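Engineer: Sending over a structure as structure tokens; questions will come in a sec.
No lab work stands behind these numbers, since they all come straight from the coordinates. Just so you know, these numbers come straight off a predicted model, no measurement behind them. Backbone-built Cβ (ideal geometry, glycine too); neighbour counts: all protein chains shown.
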Amino acid sequence: MAFLELRNVSKGYGGPPVLENINLTLERGEFVAIVGYSGSGKTTLLSLIAGLQRPDTGTVRLNDLEVTAPGPDRGVVFQNYSLLPWLTVYENIALAVEEAFPNHSPAARRQHVEKYIALVNLSPARDKLPRQLSGGMRQRVSVARALALDPQILLLDEPLSALDALTRATLQDEIERIWSTDQKTVVLITNDVDEALLLADRIIPLTTGPGAALGEPVSVGLARPRDRKALNHDPEFKRLRALVTSQLLGYGARRRCTVRTKLTLPDILPEDLDAPRTNRRRPLRPHEIKREEITVST
Amino acid sequence: MKRLKLDWLILPLFGLAVILAAWAISSATWASNLPSPLKTWESSRDYVLQPFAKRGEMDQGILRFTWYSLVLVAQGYALAVLVGTPIGFLLGLSRTFARTFDPLIQILRPVSPLAWLPLGLVLFLNTGKEAGTYGALFTIAICSMWPTVLNTAVGVRAVPQDYLNVGRVLKLSRWKMLTRILIPATLPYMFTGFRLSLGIAWLVIVAAEMLTGRPGVGGFLWQEYNSLIYEHIILSIIVIGLVGFVLDRLMSLLESRFKTA
Ligand SMILES: Nc1ncnc2c1ncn2[C@@H]1O[C@H](COP(=O)(O)OP(=O)(O)OP(=O)(O)O)[C@@H](O)[C@H]1O
Ligand SMILES: [Mg+2]
């Protein structure tokens with residue numbers, strides 16, 4: 001019996017399906033990396049596993065139980081960190097710990113929180129609010145929060161993308177250590193093929209949407225522990241990297257487009273309904289709408 | 001033009017001088033019943049220099065009157081906030097509730113305090129002597145409630161899905177979802193509503209006092225009009241404006257503390 005099983009899963013947001021006919025099985029304790037272009041539906045896939053979204057067709061089963069809602073047995077590191085801005089680093093993690101370990105004594109919970117703050121090297125920043133942190137620091141809080149839940153399965157959505165190389169390496173080692181010592185199952189979404197090769201047992205490329213499907217999985221047979229430096233000269237590593245890259249490039253060649261998304265800024269001030277004194281906010285003219293333009297080329 | 005260091009002081013003073021001049025000229029020319037600035041000051045001096053004096057029911061220092069008004073406003077406003085915030089949350093959270101009551105709110109919202117007051121008086125007629133107070137409270141509460149209701153509702157609807165997802169992953173109970181996520185995320189909107197509500201409450205009190213004849217700045221203003229002491233009308237207007245301004249500033253300070261949450 002597979003630990004996690006997606007069968008014929010499709011998901012769309014009203015338009016054409018973003019994901020189509022996804023089949024994926026994970027054994028307990030497996031480390032799987034999913035790589036794919038921006039907008040191909042990686043986050044969508046992860047939220048289906050997390051239970052934040054329900055598939056249009058098909059089923060997601062964890063431990064042979066259908067996933068219908070999210071829960072603390074699946075620790076999620078959200079792509080945009082999703083820290084609660086009114087809580088400090090400590091409080092953000094403590095909220096998660098409170099829910100995951102309701103039977104622990106307050107002292108035990110406090111210790112647990114401190115342990116994970118120390119793990120991501122944020123002890124000096126424990127009483128800071130998210131807006132006082134750099135992007136990378138926020139990402140680390142988000143990682144610590146997910147790890148502190150001690151979940152059966154970790155769902156990591158580009159958890160290290162905003163980090164400098166050094167911190168990134170430290171946390172990569174940390175994720176691998178937690179995975180191997182605590183026998184966790186990990187789904188890691190990343191845009192970094194090297195990172196995937198360093199950590200995963202299996203790499204699954206996601207073809208570009210709409211109607212993205214999972215590509216041919218690549219088994220990573222490199223011996224563990226894997227050493228970053230040595231890997232670079234390992235012929236098997238080079239072969240695998242070329243394989244994954246060419247798979248991705250193959251998908252990319254079929255698509256050359258511009259993604260246009262409306263830029264939504266965080267922390268927007270509340271709209272003043274009766275607008276006193278200050279100018280009433282008027283609707284934006286078309287040319288004033290800020291658009292983010294990403295040209296995807298191969 | 002070169003900017004002076006004292007711009008912030010000089011320009012408002014200049015503005016004041018312009019208005020005073022216009023006022024003096026008007027009272028000297030076409031508006032013969034309008035007391036001049038100097039006469040206004042002379043006749044108001046007692047009220048301003050002994051702001052807490054009490055010489056009679058309707059002859060008291062101006063700050064004492066203001067205090068009466070503020071107490072009543074505080075009560076009515078507290079009522080508005082206590083009733084309006086939960087209604088706002090219900091509107092924001094429940095589609096059914098919103099569909100049911102939104103049209104009603106849109107209809108009640110533009111009704112003037114002058115229209116609500118008689119209804120308030122009728123509602124509390126059986127309280128006898130206190131009917132004026134309760135009627136005024138009712139009017140303040142119902143008129144000043146809407147910005148709180150609507151801003152809270154907008155705020156609740158605008159809570160980012162990301163925050164809700166965090167709560168869902170942690171399987172927060174309904175109560176914790178409300179207290180740990182929804183309320184903190186909505187606070188900035190709520191405070192915008194609270195500030196606008198306070199402004200309206202202060203507008204309403206004057207009207208309510210004029211109609212009920214309660215002691216307070218508004219009551220004083222109306223009484224002095226009837227006694228043909230026009231200087232005191234101007235005094236009252238200035239005081240009402242200043243108090244409203246100060247209240248708004250205080251609420252803005254409070255609001256800005258929550259804005260960047
Ligand atoms: N809530 C939503 N409503 C409508 N469309 C959505 C929603 N979320 C995602 N999409 C669409 O689904 C597609 C896949 O989005 P998704 O976020 O899963 O991509 P991604 O692979 O995670 O991209 P990235 O690497 O940039 O994070 C995109 O075309 C996006 O526009
Ligand atoms: Mg994504």
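Engineer: Need one number: % antiparallel among DSSP beta bridges in the protein assembly as shown, to the nearest 5.
Structural biologist: 55 percent
Engineer: On to the next question. Would you give the gap between the C-alpha center of the stretch A:133-157 and the C-alpha center of the stretch A:10-41, rounded to a whole Å?
Structural biologist: 21 Å
Engineer: Would you mind working out the magnitude of the charge dipole of chain B relative to its Cα centre, with +1 at each Lys and Arg C-beta and -1 at each Asp and Glu C-beta, to the nearest 20 Debye?
Structural biologist: Here chain B has a charge dipole of around 1280 debye.
Engineer: Two decimals is fine: what is log10 I(q)/I(0) at q = 0.07, 0.13 Å⁻¹ for the protein assembly as shown, from a Debye sum with one equal scatterer on every Cα and no solvent?
Structural biologist: -0.61, -1.30
Engineer: Right, another one. Express the Stokes-Einstein translational diffusion coefficient of the stretch A:1-84 in µm² s⁻¹, to the nearest whole number, given a Kirkwood radius over alpha-carbon pairs, 25 °C and a viscosity of 0.890 mPa s. Numbers along the way, then the final one.
Structural biologist: On the way: Rh = 13.5 Å.
My calculation gives 182 µm²/s for D.
Engineer: Divide, for the stretch B:34-260, the radius of gyration over alpha carbons by 2.2 N^0.38 Å, where N is the residue count.
Structural biologist: Output field value: 1.21.
Engineer: Right, next: Output the relative contact order of the stretch B:26-128, whole-number percent, from Cα pairs under 8 angstrom with separation of 6+ residues.
Structural biologist: 9 percent
Engineer: Over the stretch A:4-255, what relative contact order in percent results from Cα pairs under 8 Å that are six or more residues apart?
Structural biologist: 26 percent.
Engineer: Which percent of Cα pairs goes in each bin when the distances of the stretch A:4-255 are cut into 5 angstrom slices starting at zero?
Structural biologist: Calculated P(r), rounded to whole percents: 1, 6, 13, 17, 19, 17, 13, 9, 4, 1, 0, 0.
Engineer: Same structure, new question: Considering only B:Pro118, B:Pro35, B:Pro184, give the residue with the highest GNM mean-square fluctuation for chain B, with springs between Cα atoms whenever their separation is below 10 Å.
Structural biologist: Largest GNM mean-square fluctuation: B:Pro184.
Engineer: Within the set A:Lys115/A:Lys184; A:Lys184/B:Lys176; A:Lys128/A:Lys184, which residue pairs have Cα atoms separated by over 24 Å?
Structural biologist: A:Lys184/B:Lys176; A:Lys128/A:Lys184
Engineer: Note down the net charge around A:Asp192, summing +1 for each Lys or Arg and -1 for each Asp or Glu among other residues with Cβ under 12 Å from its Cβ.
Structural biologist: -1
Engineer: Suppose only helical runs count, i.e. DSSP H with n ≥ 4. What mean residue ellipticity at 222 nm does that imply for chain B under -39500 (n - 2.57) per run, divided by all residues and rounded to the nearest 500 deg cm²/dmol?
Structural biologist: That comes out to -26000 deg cm²/dmol.
Engineer: Against the 2.2 N^0.38 Å scaling, with N counting residues, where does the stretch B:68-189 land? I'd like the Cα-based Rg ratio to two decimal places.
Structural biologist: Dividing the Cα Rg of the stretch B:68-189 by 2.2 N^0.38 Å gives 1.28.
Engineer: How big is the stretch B:1-89 on each of its three principal axes, counting only the C-alpha atoms and giving the largest first in Å?
Structural biologist: The Cα atoms of the stretch B:1-89 stretch 50, 47, 28 Å along the principal axes, largest first.
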